[in-house]
Amino acid sequence: MEKELKVVTQAINSDRELFYAYQSNIAMAFVDACANAKRKSNKKYLNSNDIHLAANEAAINFLNLLIKESAK
């Protein structure tokens, strides 16, 4: 698995468009998770704990999408 991860990280590092695609997907996972947390809490602003929870949700969502895509 170390070899495969190296191939993926080298591809991301050497291809600016692929890097941007990963960047955009990670960013949108965070944006979506924050919006979801804000909607659930009915707060105008999220506190640091809310953001922490949203960041973990975003990471889980991103990884689930990545796993789903690589399973195809």
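Couple of notes before you dig in:
- Some residue of the range 22-32 being hydroxyl-bearing (Ser, Thr, Tyr), at pLDDT 90 or above and surrounded by fewer than 10 Cβ atoms within 10 Å (Cβ to Cβ): no
- Residue, farthest from the chain's Cα centre (by Cα), within the range 25-56, restricted to residues that are among the hydrophobic types (A, V, I, L, M, F, W, C) and over 30 Å from residue 7 (Cα atoms): 46
- Pick from the range 51-72, criterion buried (at least 17 other Cβ atoms within 10 Å of the Cβ) and among the small types (Gly, Ala, Ser), ranking: nearest to residue 12 (Cα to Cα): 58
- For residue 37, the test of being assigned to a helix (DSSP H, G or I), aliphatic (A, V, I, L, M), surrounded by 15 or more Cβ atoms within 10 Å (Cβ to Cβ) and at pLDDT below 95 is passed.
- Selection within the range 57-72: residues that are in contact with a helix residue (DSSP H, G or I) (Cβ under 8 Å, 6 or more places away or on another chain), farther than 18 Å from residue 5 by Cα and not acidic (Asp, Glu). The member of this set that is modelled with the lowest pLDDT is 61.
The values are calculated or read from the model by the stated rules, or taken from the named source; none is laboratory data. Bear in mind that the values here come from a model prediction, so they are computed numbers and not experimental data. Every residue, glycine among them, receives a Cβ derived from its backbone with ideal geometry; neighbour counts consider all protein chains shown.
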